[in-house]
1. Which residue out of Asp239, Asp232, Asp243 is part of a helix (DSSP H, G or I) and modelled with pLDDT under 95?
2. So is Ala222 at pLDDT 95 or above, assigned to a helix (DSSP H, G or I) and within 16 Å of the chain's Cα centre (by Cα) or not?
3. Mind checking which strands (runs of 3 or more DSSP E) fall wholly inside segment 96-177 and carry at least 2 residues that are under 27 Å from Pro209 (Cα atoms), out of contact with any Cys (no Cβ under 8 Å at 6 or more places or on another chain) and modelled with pLDDT of 95 or more?
4. How many residues, within segment 202-219, are farther than 30 Å from Pro143 by Cβ, in a strand (DSSP E or B) and under 19 Å from the mean Cα position of the chain (by Cα)?
5. Could you check, for segment 58-68, whether at least one of its residues is among the aliphatic types (A, V, I, L, M) and surrounded by fewer than 18 Cβ atoms within 10 Å (Cβ to Cβ)?
6. Which numbered condition trips up Arg255, out of (1) touching a residue at least 12 places away in the same chain (Cβ under 8 Å); (2) over 21 Å from the mean Cα position of the chain (by Cα)?
7. Search segment 104-124 for residues being of a type in the set (A, V, I, L, M, F, W, C) and over 23 Å from Leu267 (Cα atoms), and hand back the single one that is surrounded by the fewest Cβ atoms within 10 Å (Cβ to Cβ).
8. Looking at Asp14, is it of a type in the set (Asp, Glu) and within 18 Å of Ala225 (Cα to Cα)?
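The values are calculated or read from the model by the stated rules, or taken from the named source; none is laboratory data. No experiment lies behind these values; they were computed from the predicted model shown. So basically every Cβ, Gly included, is an ideal-geometry build from the backbone, and we count neighbours across all protein chains shown.
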Amino acid sequence: MTELSAAHDAAATDRARLAGSAYNGDRDLAARQALYRWQTPRYDLPGLVAEQLGEVRGRVVDIGCGNGKYVERIRRDRPDLDLLGLDIAPGILAGVPGAVAVADATRLPLAAGSVAAALALHMLYHVPDIPQAVRELGRVVAPGGMVVASTNSARDKLELEELWQRAAGDVLGIERGPARISIGARFSLENAPALLGQEFSRVEVIELPGTITVRDPEPVIAHMASYRAWADQHDVPFDPTIDRARALLADRIDRHGSYEVQSLSGLLVCRR
């Protein structure tokens with residue numbers, strides 16, 4: 001591992017950064033979620049997760065529940081379930097309905113075999129020790145239970161990386177600037193099955209490809225700006241790069257009428 005990637009990994013998993021700035025409220029997370037309004041096909045991710053729980057009865061825990069988008073939907077669709085939301089960031093739990101608690105994914109405050117299903121949705125890349133978190137998922141889920149995880153592909157939204165590096169290059173006066181920190185690389189759609197397979201014998205991958213098409217720069221710029229908590233990891237002045245990206249994107253939309261981003265995320269449904 002290079003010194004740079006080690007520093008990026010440390011930043012992606014730093015609890016003080018996650019709880020104190022990245023997820024101390026839901027503004028930045030909501031900005032990332034909002035970009036998918038312009039995706040075709042449009043996936044109802046909370047609904048897809050709720051569908052996976054169709055045969056589940058009893059307690060379900062949403063680990064890293066964030067702003068509660070999945071908790072809210074599951075409570076609506078499955079009021080019979082005993083649902084608990086967990087997150088390391090107290091600030092983001094304020095608006096989550098029902099029972100919630102602050103907890104670490106590597107030390108879950110749950111008895112062995114005490115839940116029928118566990119959710120780990122777009123969060124395992126933030127855990128310093130992913131194998132330990134996977135073991136904890138296996139420990140708390142009862143025999144016959146399931147885990148539903150989700151993440152993005154390493155090929156997800158590559159157009160935004162190109163836009164960032166071009167904007168960063170312009171700010172620095174070079175042809176191509178440094179890449180952004182890759183938050184999700186530690187647990188991507190490509191490497192997640194092997195990581196989960198250490199604990200679960202069956203890991204089904206459900207890919208969710210799409211095309212995001214915008215005719216205004218702001219949804220994309222809001223998404224890029226939502227990574228401000230990691231601004232010190234980007235090796236370029238953050239705000240000037242965001243401003244330059246906005247100008248480049250506006251020019252592209254003026255010339256072509258729209259801007260397209262290829263998206264690829266997925267669900268991983270795990271059973272023993």
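1. Asp232
2. Details: at pLDDT 95 or above: yes; assigned to a helix (DSSP H, G or I): yes; within 16 Å of the chain's Cα centre (by Cα): yes.
Considered against the rule, which asks whether it is at pLDDT 95 or above, assigned to a helix (DSSP H, G or I) and within 16 Å of the chain's Cα centre (by Cα), Ala222 comes out as yes.
3. Values: elements: 100-102, 115-121, 141-152.
Here the list reads 115-121, 141-152.
4. Total meeting the criteria: 4.
5. No, that holds for no residue.
6. Tallying (1) touching a residue at least 12 places away in the same chain (Cβ under 8 Å); (2) over 21 Å from the mean Cα position of the chain (by Cα), Arg255 fails exactly one: (1).
7. If we take residues in segment 104-124 being of a type in the set (A, V, I, L, M, F, W, C) and over 23 Å from Leu267 (Cα atoms), then Ala111 is surrounded by the fewest Cβ atoms within 10 Å (Cβ to Cβ).
8. no
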